Amino acid sequence: MITLNHYLIVAAVLFVIGMIGVMRRKNLLMLFFSTEILLNSVNIGFVALSHYLNDLSGQIFAFFIIAIAASEVAVGLGLLILLYKRKNTVDLDVIQNMHG
Amino acid sequence: MENLLYTALFAPLVGSIFAGVLGGRSKMMIAGLVPSILLLVSLAASLVLLGHVLSTGTAVAVTMFDWINIGNFNVAFGFQVDQVTAVMICVVTVVSAMVHIYSIGYMDHDKGFNRFFSYLSLFVFSMMFLVMSDNFLGLFVGWEGVGVCSYLLVGFWYHKRSASWAANEAFIMNRVADLGMLLGIALIYWQLGTVKYDEVFANVDKLDMTVLLWITGLLFVGAMGKSAQFPLHTWLADAMEGPTPVSALIHAATMVTAGVYLVVRANELYAPVPEVGYFIACLGAFVAMFAASMALVNRDMKRIIAYSTLSQLGYMFVAAGLGAYWVALFHLMTHAFFKALLFLGAGNVMHAMHDELDPFKMGGLRKAMKGTFILMTLASVALAGIWPLAGFFSKDLILEVAFVEHHFILYTVLLLTAGLTAFYSFRLVALIFHGEERYKLFGIHPHEAYRFMLIAMSPLAILAVIAGFGFKGDYFAMVTQMLPATEYHVHSPVVYWTMVFGTQIFVGLAIAYAYIKYVKVKAFDPAIESNFFYKLLINQYYIPALYEKFITVPYAKLSRFAWKQIDQRIVDAIVDLIATSIYKLGEVSKRMHTGNLSTMLRLMTLGFVIVLVIALALQMMAK
Amino acid sequence: MAKQEYKHIEIADYPKTGFARFIQVMRRSLRVELFKGMGITFGVMIRTLFRGEMHTMQYPNEKLPVSARYRAIHKLLRFMESESERCIGCGLCEKICISKCIRMDTKLDENSRKVVPEYTINFGRCIFCGYCAEVCPELAIVHGDRYENVSEQRAHFSLKDDMLTPLDRLKEQKEFPGFGAVNPEADKMIKKTPLAY
Amino acid sequence: MSDTTFFVIETIVKSLIIVAVFSALAGFGTYFERKVMAFMQRRYGPMLVGPQGVLQVLADGIKLFTKEDIVPANSVPLIFKIAPVITASTAFIAMAAVPFFPSFEIMGHTVSPIVADINIGILFVLGAMAVGLYGPLLGGMASNNKWSILGAARTVVQFLSFEVITGLSLLAPIMMIGSLSLIDINNYQTEGGVAGWLIWTQPVAFFLFMIAAFAETNRTPFDLLEHEAEVVAGFATEYSGMRWGMFFIGEYANLFTVAFLVSLVFLGGFNDLGFIPGALAILLKVAFFFFVFLWVRSTWPHIRPDQLMWLCWKVLMPIAIINLLITGIVILA
Amino acid sequence: MFEAIAFYVFSALTIVMFYVTVTTNNALYALSALAAGMIFISGFFFLLDADFLGVIQLIVYSGAVMAMYAFGMMFFDSTKVVKEKTHSARNVFILTALSAIIIVAILTAPVIADNAQALFQPFADKGNVENLGYVLFTKYLIPFELAAVMLLVAMIAGIVLASKKMDIPLEKDAQ
């Protein structure tokens, strides 16, 4: 029998994978990918909670998260391409130009 | 009727805004004309309102909108015109309208012409607001509004150090008094849960006596400030730094009488506590005498009139304190007319003499300024209380009140003061208009003021003449619908006529003495300066000096101590410490800001882990 | 000659303003021009299927008839009656060939008749001009109608054995077998204009 | 036989039938396409293999299966190999939610010829077809060839843009019906025979969907992905053999899916049509639409990519939205 | 039983796909793996009776978002190996391991199940889409409108960014 915890653990594992990506990746595009992983893992958690609590709010949240991801990619990718055309790279270590 | 009320109230505001918009420009005639015309409109509306109240005997009341609505505290933005208010608004609008028209001439050559009219109209609006409001809070707003306008107008020539000092003094002293008033209003609200007059007065009997004592006392403190009663009186004389129309309007006819108005308006609060009333009366009598004495020797024309105002306010407070509210209000009205007239006349003289204020440097202006001479003499006669002019009817009534109420000490004091009043009034008239033409020594060529200024003054003169016997009956009939209708009659005709004639003769003698003493005077006699009484009086009983020494200087020292020791050493140091520590923290954490997004993301994750640990810990604790 | 029916096509300028473009689009849409096109193709299909307007020749199975004047691979003819070769080895063709691709060997046989044991044409060089056939006095070499010259070796078709009419198929040999041969109506033409011939 | 077992077997059988039938149909589709196009161009088309060339399918299959499998150098081999599978499999997955025929009874069980009757069928079909764009996309990107990249870029642009049109145009009939289930949509048109078809109430949506369908299935006049005159063979430039065949099968399967979708949504689905039984009716409709696809291909020319985008965003999308608005107003009124 | 099988299969697939995304050096592998992971996540949604969301996940995430990423990748050299110098891998490992342990601890703690309660219960007789629509257009109408506005803004931003002349350096653009 699959319980809520199963889903939550899977969501947590995916979240952690996404977090590894966020920390490990230096390529901006890959960072975006990792962000998508984070969002998706949270979506799983929301929908699982929604299912097991018999409550629709979780699904609504997931719905809005998908909408956010869509707008994120529209703006983020535009900026990314702009950056690439100007700097000819999307490597975080290279485009760093502020030093504390 | 509501529309008329709004017209009367808001026409000055419109005028003020109109002139205010033009405030930055150089002189424009329209900036003076429009507020004046609007004030005439307001005057007309006020008169119609008065007629309405007179004929129907019912008050006009409106509620514009909910003003404050916080929890149980509900104050509506309401106005009413009842009998007392009707009298007040008519007095205010009549005097203001005349002063406005007069000012067009008086401020003719002033750079701040537009600004002046903006302030002046704003003052009228505030005063109307004060008078028409149907609750204590609205009254307080108007109260502060007139305070602000007084400040602005006294300090109108702000480049003059003395003017701005006087403005500050007036403002600060009024604030001290206003605190008392605010506390009084707060106390009313605390005790009764309302600030609306009707509701407050209907519930007076529910109040504890001690509380009522406190309320009335605190409200009177406010009235003392505004009406410049004894300990807070010094600002009024200094406020003469403002333009003369301002002195006429604010510091003679309207604003300073707001204190009297407050006591009259709140008569139902004062009625159950005659002790406070008696105190008010005593203070009033004292101030009447005290101010008159200072006016005796002063060498500043406007200050003399200002002290005279103070003295007359004392009269009003005597009447109000003794429960003769309608008498107080009556004297307020008559006084407004002739005092405004007197001030405006003084303004003419000042103009003619190129802002010279010392009457010893004038003399014989009778020929050069015939109109002004007649008007000022008329006003002085009215002020002195000679029958049949307005001053007689009101002032004599106050004397009668004191007599009838068996306060003979008060009566004596007031009688003496009446003599003093007559003396200094005619000392002034004699010095200015009669005798040798001393001004020639200073090479001044006096000239009469514009004709329209004199015409503007003439309604006041007519009112000063007829207000007494012309209006007394109607006024009594109307006002007593609201105020306690006590007829003060000395029952024995012998005593009555003795009193009347005695007073007239006494006053007449004083006038005569003043003439005899001052018509022939050639110059100021320095010998008198060594006289102890002269010194006492010219230094205003050393009260400003005492204030300076015992209040101002120690307070300045205290402030300096607080600034140097407390503020700089402790408060600033703490603030600086916070700033420097944050700055140091920034220096330390600067290393985190490498500009590398990857590093930042790692730090973010670290923070995330920390937050999670905290969350987990909280969960554990909650278990 | 029948009168040609030309179809005139209006070629208008491209519309310049946006509004004109809109008008054009509207006009074209309202005339349902796109669907007219579909109607045309559908009509073509119907005609193709049911009215035999198929335009395809199924080539290896079906062939178009070749004109007699077609100049394809050469043929060496025989006499129908004697079955002997027509070629007398005169060598005119070899001489006249402008691309020098004809090569022949001659020798005398036991009857002292000139025979041609080898006769090759290099088809890599032959330009099919037809002079050889024209010059041949014996009508021995003509251009045939074999245009399918696909083979595994380059030398194919060019040897004498390939070109010479085989004996067993002698009956299929026609008297007017190709370009270079005498016109079947030569007699009439001689009678008509002997000089021209 | 218990219900569960039957269900499992039934589903497996259905899936197998679908895969088999539509793979075969893809082959026959090519045959028909070549034939129809030949006729429209006054040709015979394939004739040699078998009677009237019907065995051409077999010949092609043999050729494709036996051709050498080439993976170009410097490509990304794994993705290159997976991409065709994506196209084929998504095409078949999309069919999971399509009801092909009316239900019938077998061995006492009611069998409905649909693999998974989910209540959002139409959305599922669209979603699966949307995922189908990964085939050309990844294939093109993995090929390490500029024509392939161009083809892949065109794939993304074209599919993403026309998904909008598909969705918006289908929304109007869905609003009228109030359900996303294709069976509900079919049942909605039961009444009234031909007059009850949705094409009469939603003609605009029908045309929009048809136009979008051409783009979604990558058919002429919108087959810019592998427009041989411009980008050689687009995303499929480097493909050969069975990998190319998978793209091919996927494309034809999509074609049939779309034809089924149009028939179900706009043309009354598998309802009986007069004397014609429902199963036959829908087959006829699908056949007709398949024919229309071929017909259009042989009639109309290609258009340029910029014209395609112009058509999508400036013409079709406004029309679709206006249609949606009008539908909404009519429904509410 | 089917559910369990499906769950484990999808879990394994998703985790593997996302792991590949995070670790691979090839951008195309990352993209493909991520897209596949998205599709498998929609499998979770179907398992959880959130049919509508599952399809939305398919259409929006896989169909649009990832395709947009792919389109963006075409501007870069997609087949080139992504070179990233990663230092302090130990830190990353420690941080993630820590957060993983804590998240799992929090999630599996019974607190969540105890505290959470349903706000909007679906109607039993309606389907998922109807229920979702009902809640979305009543309780969440304003967030829904805001999301619409956000998408519009994002669209405009995308158009503006795309219409910029991108290949000239910043200094020239400023002139």
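Go through the stretch C:117-137 and give me each residue that's surrounded by 14 or more Cβ atoms within 10 Å (Cβ to Cβ) and acidic (D, E). Break it down into steps so the answer makes sense when it comes.
First pass over the stretch C:117-137, keeping only residues surrounded by 14 or more Cβ atoms within 10 Å (Cβ to Cβ): C:119-123, C:126, C:128-136.
Result: C:E134, single match.
Among B:A617, B:A622, which is farther than 30 Å from A:L92 by Cα and open to solvent by less than 60 Å² (accessible area, probe 1.4 Å)?
Working: B:A622 fails: open to solvent by less than 60 Å² (accessible area, probe 1.4 Å).
Result of the check over B:A617, B:A622: B:A617.
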Checklist entry - Pick from the stretch A:35-48 the residues that are more than 7 Å from chain E (Cβ to nearest Cβ) and touching an Asp or Glu at 6+ places or on another chain (Cβ under 9 Å): which of them is surrounded by the fewest Cβ atoms within 10 Å (Cβ to Cβ)? => result A:T35
Checklist outcome for this item: Note on the stretch A:19-31: residues touching a Gly at 6+ places or on another chain (Cβ under 8 Å) and more than 7 Å from chain E (Cβ to nearest Cβ) are A:L31
Item to check | Long-range neighbours under 6 Å by Cβ, at least six apart or interchain, first residue at negative phi within the stretch C:133-155, second surrounded by fewer than 16 Cβ atoms within 10 Å (Cβ to Cβ) | outcome: C:V135/C:I96; C:D145/C:V66; C:D145/C:Y70
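Those residues that are outside any helix (DSSP H, G or I) and touching a helix residue (DSSP H, G or I) at 6+ places or on another chain (Cβ under 7 Å), I need them from the stretch B:591-622; list them, please.
Step one: filter the stretch B:591-622 for residues outside any helix (DSSP H, G or I), giving B:593-596.
Correct list: B:N596 only.
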Checklist entry - Can you pull out the residues in the stretch D:139-149 that are open to solvent by 10 Å² or more (accessible area, probe 1.4 Å), assigned to a helix (DSSP H, G or I) and at the interface with another protein chain (Cβ under 9 Å from one of its Cβ atoms)? => result D:I149
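Could you look through the stretch B:153-166, keep only residues that are more than 13 Å from the chain's Cα centre (by Cα) and among the aliphatic types (A, V, I, L, M), and pick out the one that is surrounded by the most Cβ atoms within 10 Å (Cβ to Cβ)? Before you say what the answer is, go through the steps one by one.
If we filter the stretch B:153-166 for residues that are more than 13 Å from the chain's Cα centre (by Cα), which is where we start, we get B:155-166.
Filter once more, so that each one left must be among the aliphatic types (A, V, I, L, M): B:163, B:166.
Details: B:A163: 21, B:A166: 23.
This residue is B:A166.
Give the residues of the stretch E:153-175 that are closer than 15 Å to A:G78 by Cα, more than 7 Å from chain A (Cβ to nearest Cβ) and either exposed (fewer than 10 other Cβ atoms within 10 Å of the Cβ) or at pLDDT 85 or above (or both), sorted by residue number.
Going through the stretch E:153-175, the residues closer than 15 Å to A:G78 by Cα turn out to be E:153-167.
If we keep only those that are more than 7 Å from chain A (Cβ to nearest Cβ) as well, we get E:153, E:156, E:159-160, E:163, E:165.
Across the stretch E:153-175, the qualifying residues are E:V153, E:I156, E:S163, E:K165.
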Checklist entry - With (1) loosely packed, with under 15 Cβ neighbours inside 10 Å; (2) away from every other protein chain (no Cβ under 11 Å) as the list, and D:P77 as the residue in question, which single condition is left unmet? => result (2)
Item to check | Boolean, B:A239 is assigned to a helix (DSSP H, G or I), of a type in the set (G, A, S) and open to solvent by 10 Å² or more (accessible area, probe 1.4 Å) | outcome: no
Item to check | Search result, residues across the stretch B:358-376 that are under 29 Å from the mean Cα position of the chain (by Cα) and in a loop (DSSP other than H, G, I, E, B) | outcome: B:D358
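Residue check: is D:F101 touching a helix residue (DSSP H, G or I) at 6+ places or on another chain (Cβ under 9 Å), aromatic (F, W, Y) and either open to solvent by 20 Å² or more (accessible area, probe 1.4 Å) or outside any helix (DSSP H, G or I) (or both)?
Here the answer is yes, as D:F101 does meet what is asked.
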Item to check | Single residue of B:I574, B:I511 found to be under 30 Å from B:E437 (Cα atoms) and either out of contact with any strand residue (DSSP E or B) (no Cβ under 8 Å at 6 or more places or on another chain) or in contact (Cβ under 8 Å) with a residue 24 or more places away in the chain (or both) | outcome: B:I511
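Looking only at the stretch E:112-152, count how many residues are part of a loop (DSSP other than H, G, I, E, B) and either modelled with pLDDT under 80 or in the same structural domain as E:F52 (by TED's automatic domain parsing) (or both). Working first, answer last.
Narrowing the stretch E:112-152 to residues part of a loop (DSSP other than H, G, I, E, B): E:116-127, E:139-140.
So of that shortlist, the ones also either modelled with pLDDT under 80 or in the same structural domain as E:F52 (by TED's automatic domain parsing) (or both) come out as E:116-127.
So the count comes out to 12.
Quick check, is B:I543 among the aliphatic types (A, V, I, L, M), under 28 Å from B:V287 (Cβ atoms) and loosely packed, with under 12 Cβ neighbours inside 10 Å? Write out each step before concluding.
On the way: among the aliphatic types (A, V, I, L, M): yes; under 28 Å from B:V287 (Cβ atoms): yes; loosely packed, with under 12 Cβ neighbours inside 10 Å: no.
It is false that B:I543 is among the aliphatic types (A, V, I, L, M), under 28 Å from B:V287 (Cβ atoms) and loosely packed, with under 12 Cβ neighbours inside 10 Å.
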Item to check | Any hit, the stretch D:150-172, residues being in a loop (DSSP other than H, G, I, E, B), surrounded by 21 or more Cβ atoms within 10 Å (Cβ to Cβ) and of a type outside the set (S, T, Y) | outcome: no
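One line per residue, one yes/no per condition, for (1) more than 23 Å from E:A35 (Cα to Cα); (2) modelled with pLDDT under 85; (3) not small (G, A, S):
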| position | (1), (2), (3) |
| --- | --- |
| D:V115 | yes, yes, yes |
| D:G121 | no, yes, no |
| D:P136 | no, no, yes |
| D:F162 | no, no, yes |
| D:L168 | yes, no, yes |
Item to check | Unique match (being surrounded by 10 or more Cβ atoms within 10 Å (Cβ to Cβ), of a type outside the set (G, A, S) and in contact with a Pro (Cβ under 9 Å, 6 or more places away or on another chain)) among C:T56, C:T41, C:T106, C:T48 | outcome: C:T106
Checklist entry - Here are some residues: D:T90, D:T110. Which one is open to solvent by 10 Å² or more (accessible area, probe 1.4 Å) and modelled with pLDDT of 85 or more? => result D:T90
Next on the checklist: touching a Gly at 6+ places or on another chain (Cβ under 7 Å), open to solvent by 40 Å² or more (accessible area, probe 1.4 Å), free of Cβ contacts under 8 Å to residues at least 40 places away in the same chain and not β-branched (V, I, T): is that true of C:K114 in this structure?
Outcome noted: yes
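Restricting the search to the stretch E:15-38, which residues are within 12 Å of the chain's Cα centre (by Cα) and either surrounded by fewer than 24 Cβ atoms within 10 Å (Cβ to Cβ) or at the interface with chain A (Cβ under 8 Å from one of its Cβ atoms) (or both)?
Step one: filter the stretch E:15-38 for residues within 12 Å of the chain's Cα centre (by Cα), giving E:18, E:34-38.
Across the stretch E:15-38, the qualifying residues are E:F18, E:L34, E:A36, E:G37, E:M38.
This table checks each residue for (1) part of a helix (DSSP H, G or I); (2) open to solvent by less than 50 Å² (accessible area, probe 1.4 Å); (3) aliphatic (A, V, I, L, M).
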| site | (1), (2), (3) |
| --- | --- |
| A:I2 | no, yes, yes |
| A:H6 | yes, no, no |
| A:F33 | yes, yes, no |
| A:I60 | yes, yes, yes |
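For the stretch B:133-146, name all the residues that are within 23 Å of B:D238 (Cα to Cα) and either among the basic types (K, R) or crowded, with 22+ Cβ neighbours inside 10 Å (or both).
Here is the first cut: in the stretch B:133-146, the residues within 23 Å of B:D238 (Cα to Cα) are B:142-146.
Those that are within 23 Å of B:D238 (Cα to Cα) and either among the basic types (K, R) or crowded, with 22+ Cβ neighbours inside 10 Å (or both): B:W143, B:V146.
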Item to check | Verdict on B:A456 being open to solvent by less than 70 Å² (accessible area, probe 1.4 Å) and either touching a strand residue (DSSP E or B) at 6+ places or on another chain (Cβ under 9 Å) or assigned to a helix (DSSP H, G or I) (or both) | outcome: yes
Checklist entry - Within the stretch C:103-127, can you find the residues that are closer than 28 Å to C:S151 by Cα and out of contact with any Lys or Arg (no Cβ under 9 Å at 6 or more places or on another chain)? => result C:R103, C:D105, C:C126, C:I127
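The values are calculated or read from the model by the stated rules, or taken from the named source; none is laboratory data. Just so it is clear, the structure is predicted and the values come from calculations on it, not from any experiment. Methodologically, a virtual Cβ is constructed for each residue, glycine included, from the backbone with ideal geometry; neighbour enumeration extends over all protein chains shown. Note: accessible area is taken over every heavy atom of the protein model, side chains too, but ligands, DNA and RNA are not part of it. Shrake-Rupley method; radii C 1.70, N 1.55, O 1.52, S 1.80 Å.
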